[in-house]
């Protein structure tokens, strides 16, 4: 039997030649492909037929060869995916989030099972201000690894950061369930509970952390704040007693303790703690504000006014200006009661700087000026008070003071001033 087909002429159809070669390969079997190639090689060369015709014929491979090739390809793709993933992490470190997104997407295309790439892709979209676009990638990462506590935790904290506290707490609860001894999970779950005012659950989380890490001042500080929200003042103070003075939260704890003491009427100890807070962290705005209030409570108005004026000069604030108005008004009334009319006049003027449309302030200026015998300034201030009067009581006070001014004009030496 002649296995080799007859030599074709140059015009013979290539298709017929390919079919003949295919039948021969089938006859010899896949194991003897090389034998077929050798047998027909000379014929192809002498016949002037391009050897590429043979390449067009699909040659079946053995099953084990297919498996080896597939495994090799898979490993190659995984290696390439890891390279893109590492490149994405480098872009994140450089805060080039758009470039990082491209790298993580390339990693996913090469290895769709790479959960870390989905996680970081979602985080990049969050950094770019589009958290909703990133959510599906967080969820895909969890779909690939549903029992990975870190993925639940990171997605949960991202949800909380973006105003979805309820869903975030659910994820963090799952993370704690999967890894109940992880103090980071417990602490941040406690913070999440505080956001939704579930303080009893938060206390449980913080206490669990404190049993593992007893020297962490941040944990004790947060535990104290949570206790305070539950009106457990003594327990809060005991927690803050565990805070080291060199801890970053020591100033905050001193400030919080001073606030408690002020509410309890213990101004002296409150002053001590708020000054300590400012010593530990100079420029702590909340502590400065509290110190001014404490000085005002003590009647040390000048120190209180200096603090509030400096705060308002650094950053003008309607709230601070309101406090300055009340401070100067109270200070002026106290000076007037002590018959220090010159000081009272100046302090009423200071109050008028911040609230020039308050009738009662202009009445105070008029009264103090009249007490000093300055009828002209008293008359001008009285007209302003009349312009801004809003209540019947204010109008009555204006009328009474107007009568006093008229009396003073007639008998300035005998004028009797009614406070």
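Every read-out reported here was derived from the displayed coordinates using simple, explicitly stated rules and does not represent laboratory data. Predicted model only: the values in this text are computed from it and were never measured. Positions of Cβ are generated from backbone atoms using ideal geometry, with glycine treated the same way; all protein chains shown enter the neighbour counts.
Each semi-axis of the equivalent ellipsoid for the stretch 262-396 is √(5λ) with λ an eigenvalue of the Cα gyration tensor; in descending order they amount to 32, 15, 13 Å.
Remark: the Cα gyration tensor places the stretch 148-259 in the prolate category, a/c being 1.5 or greater and a/b exceeding b/c. Note on residue 94 and residue 79: their simple-model spin labels are 2.5 nm apart, each label 7 Å out from Cα toward Cβ. In terms of packing, defined here as the mean over residues of other Cβ atoms within 10 angstrom, the peptides 310-317, 268-275, 396-403 line up highest first as 268-275, 396-403, 310-317. With the highest mean first, a sort of the peptides 156-165, 249-258 on other beta-carbon atoms found within 10 angstrom per residue produces 249-258, 156-165.
Between residue 266 and residue 246, the contour length at 0.36 nm per residue exceeds the Cα-Cα span by 4.7 nm. For the stretch 151-216, the Cα-based Rg and Dmax, in that order, read 11.0, 32 Å. In this calculation the C-beta distance from residue 406 to residue 310 is compared with R0 = 41 Å, giving a FRET efficiency of 0.45.
Distance between the modelled labels on residue 86 and residue 286, one decimal in nanometres: 4.5 nm (7 Å Cα→Cβ projection). Of the peptides 205-214, 344-353, 93-102, the ranking by mean beta-carbon count within 10 Å, highest at the top, reads 344-353, 205-214, 93-102. Distance between the pseudo-spin-label points of residue 353 and residue 337 (7 Å out from Cα toward the beta carbon): 2.4 nm.
Which FRET efficiency, nearest 0.05, do residue 233 and residue 201 yield, Cβ-Cβ r, R0 25 Å? Once rounded, the FRET efficiency stands at 0.80.
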